[in-house]
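Asks: Structure in structure tokens, see below.
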Amino acid sequence: MNVFITRVIPESGLRLLEEAGLKIRQWTQKRKMTRDELIEECYWADALLSAGQQLDQEFLEASKHLKIIALHSVGYDNVDIKTATRLKIPVGNTPGVLSGATADTAFLLMMAVARNAFYMNRRIINGEWGFFEPTANLGKELNGCTLGVFGLGKIGLEMAKRCKGAFGMKIIYHNRSRNIEAEQELGAELVSFEELLKQSDVITVHTALTPETDGKFDLEVFKQMKPGSIFINTARGKIHQETDLIEALESGFIWGAGLDVTSPEPMRPDNKLLFMPNVAVLPHIGSATEGTRNAMAKLAAENIIAVANGERPPFLVNPEVYSL
Ligand code: DGY
């Protein structure tokens with residue numbers, strides 16, 4: 001079986017594929033492939049290991065011979081799953097292994113926002129470390145605050161554990177279904193979306209990007225958040241509306257924001273958010289630790305190897321392809 005890989009991925013994944021006797025080709029240029037380039041490369045391939053590429057209907061129709069698409073991510077919003085399923089192409093992802101690292105990033109952003117950390121660091125770089133002012137640049141303490149988790153799955157649970165452990169935060173969450181583990185372990189309480197907005201001192205977003213969550217955090221929603229609260233998004237940039245977020249911050253409807261995801265990505269270097277005191281932005285590094293990226297590469301490789309062995313991939317997004 002021939003495997004085409006859209007980015008340089010960790011050795012751990014490559015080794016597994018090689019040991020399984022698969023032939024590999026990798027895109028090594030430091031730019032996103034065009035759709036045509038990807039189609040062209042996939043003529044040779046039976047399996048695609050994809051990181052950071054949009055796999056739309058046109059690509060999928062042109063590549064319907066693929067026996068598996070293994071994503072190097074847990075999110076699959078950049079793949080037209082409906083078309084892949086219709087074409088009977090199994091799509092695999094990498095759930096579970098990046099929960100801790102992504103929650104660490106959400107926690108880091110929450111802390112950075114609460115203490116204006118990124119902004120204060122920039123002031124040193126700009127030569128603005130002036131004389132000591134006891135009343136200037138004061139941050140917020142998080143002890144005993146309420147954390148509102150929008151989408152309490154594996155990553156949300158890890159973030160909630162960190163907040164409970166470090167600051168004894170009360171945990172509330174909004175989900176389609178109850179998370180019994182979070183309720184039993186952390187005393188988390190399922191609330192309506194309106195209550196989540198009203199009660200939370202920090203709202204942290206850990207849901208997938210779907211038609212329901214696309215643009216969910218708009219000005220009307222920010223206005224309903226508790227005055228002085230903090231908004232954190234490490235899920236997908238499209239879940240908040242950026243111009244509305246800027247207005248909410250400027251109007252003081254919310255106090256601060258921490259983002260690991262933006263729309264578009266990359267964010268332009270002159271984006272207003274980058275210059276606001278109570279805002280911290282990172283370039284989508286949620287899963288960027290050595291251990292996590294190795295684990296993701298291994299899971300993606302395991303999905304491909306299963307198909308090469310005539311088995312079902314262990315981490316499937318569209319299991320219904322096997323019952324069509
Ligand atoms: C994921 O796995 O979905 C992360 O956001 C990295 O893209």
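Asks: How about the range 61-146: which helices (runs of 4 or more DSSP H) wholly inside it have at least 3 residues that are under 18 Å from the mean Cα position of the chain (by Cα) and in contact (Cβ under 8 Å) with a residue 24 or more places away in the chain?
Replies: Output list reads 99-114.
Asks: Also, I was wondering about something else. Does Gly286 count as in a loop (DSSP other than H, G, I, E, B) and either more than 16 Å from the ligand (Cβ to nearest atom) or basic (Lys, Arg) (or both)?
Replies: The answer is no for Gly286.
Asks: When residues of the range 299-324 are filtered for being buried (at least 19 other Cβ atoms within 10 Å of the Cβ) and in a loop (DSSP other than H, G, I, E, B), how many remain?
Replies: Final tally of qualifying residues: 4.
Asks: Looking at the range 84-106 only, could you name the residues that are away from the ligand (no atom under 14 Å from the Cβ) and in contact with a strand residue (DSSP E or B) (Cβ under 9 Å, 6 or more places away or on another chain)?
Replies: Step one: filter the range 84-106 for residues away from the ligand (no atom under 14 Å from the Cβ), giving 84-90.
Hits for the range 84-106 are Ala84, Thr85, Ile89, Pro90.
Asks: Please go through the range 191-227 and pick out each residue that is β-branched (Val, Ile, Thr) and in contact with a Cys (Cβ under 7 Å, 6 or more places away or on another chain). Steps first, answer last, please.
Replies: Going through the range 191-227, the residues β-branched (Val, Ile, Thr) turn out to be 191, 202-205, 207, 210, 213, 221.
Val202 - this is the single residue of the range 191-227 that is β-branched (Val, Ile, Thr) and in contact with a Cys (Cβ under 7 Å, 6 or more places away or on another chain).
Asks: Another question, then. Take the residues of the range 96-144 that are of a type in the set (S, T, N, Q) and in contact with a helix residue (DSSP H, G or I) (Cβ under 7 Å, 6 or more places away or on another chain): which is farthest from Gly75 (Cα to Cα)?
Replies: Taking the candidates together, the pick is Asn137.
Asks: Kindly indicate the residue of the range 217-248 that is part of a loop (DSSP other than H, G, I, E, B) and in contact with a Phe, Trp or Tyr (Cβ under 8 Å, 6 or more places away or on another chain) and also farthest from Arg115 (Cα to Cα) among those meeting that condition.
Replies: Among them, the one singled out is Gln241.
No lab work stands behind these numbers, since they all come straight from the coordinates. Remember, it's a predicted structure, so these values are computed and weren't measured experimentally. No Cβ is skipped: glycine too gets one built from the backbone with ideal geometry, and neighbour counts run over all protein chains shown.
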